[in-house]
Amino acid sequence: MTTPVCTGASRAATATAAGHHAYTPYASFSSYVRARGPVLLRTARSLTANPCDAEDLLQTALAKTYVAWERIEDHRALDGYVRRALLNTRTSQWRKRKVDEFACEELPEQGGAPAPDPAEQQSLHDAMWRAVLKLPDRQRAMVVLRYYEDLSEAQTAEVLGVSVGTVKSAVSRALGKLREDPELTPVR
């Protein structure tokens, strides 16, 4: 048998084994994290470029909040306390970062085109889907099978029970309507 490192962990393990609820010294902290976690994660994501770093940042800030839980007098101001912990933790991480840039005679090669903005991609995707939904049912079905499901013209014709020529002409007309859609004008 191993000796538990943490008495809280051994208490939780004993309670779970006995069929009781896990030991939580601050039930209000747990309920606060469940209720406000998504909002706080959005705040953390606004402070970092990487979603994984944001999760780590929030976890660190919540650990600091947990340690100070008894000292926090006004629990109505918890969001402000956690936001300040997020900001202070991020500032500390930024100050401690390792600098991997060195001065040199030649400029490094560019890595290619910059990565597209996810918000712009989602906006484009939404606009495209709204435009596809405006198409007549038959054309919409053919466009979805052809381009969203990536079926060939022959496979699309087989699924819909029409000729390959019908698929070609209907898809061509649908693409013409999509090109003329005013909502997709900025894309061109």
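Could you report the range 82-188's accessible area per residue, 1.4 Å probe, as an integer in Å²?
With the other protein chains kept in place, the range 82-188 gives 78 Å² per residue.
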Quantify, in whole percent, the carbon and sulfur part of the accessible surface of the range 51-175 (1.4 Å probe; protein heavy atoms only).
53
Phi to ³J(HN,Hα) by Karplus 6.51 cos²θ - 1.76 cosθ + 1.60 over the range 27-37, Hz, x for Gly, Pro:
4, 5, 5, 4, 5, 4, 5, 5, 6, 9, x
For the range 44-188: Kirkwood Rh in Å [reciprocal of mean 1/r, alpha carbons]
20.8
Segment ARG71-ARG34, extension gain: residue separation times 0.36 nm, minus the distance between their alpha carbons
11.3 nm
The correct ranking of TRP69, TRP94, TRP129 by accessible area at 1.4 Å, largest first, is TRP94, TRP129, TRP69
List the aspartates and glutamates whose Cα lies under 15 Å from the Cα of LYS134, skipping any in the same chain that are fewer than 8 positions away.
ASP126, GLU180, ASP181, GLU183
Cross-link reach list, lysines versus LYS96, counting only Cα pairs under 25 Å and skipping chain neighbours closer than eight places:
LYS64
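The values are calculated or read from the model by the stated rules, or taken from the named source; none is laboratory data. This structure is a prediction, so every number in the text was calculated from the model and none was measured. Just so you know, the surface numbers come from the protein's heavy atoms only, side chains and all, with ligands and any DNA or RNA stripped out. Shrake-Rupley method; radii C 1.70, N 1.55, O 1.52, S 1.80 Å.
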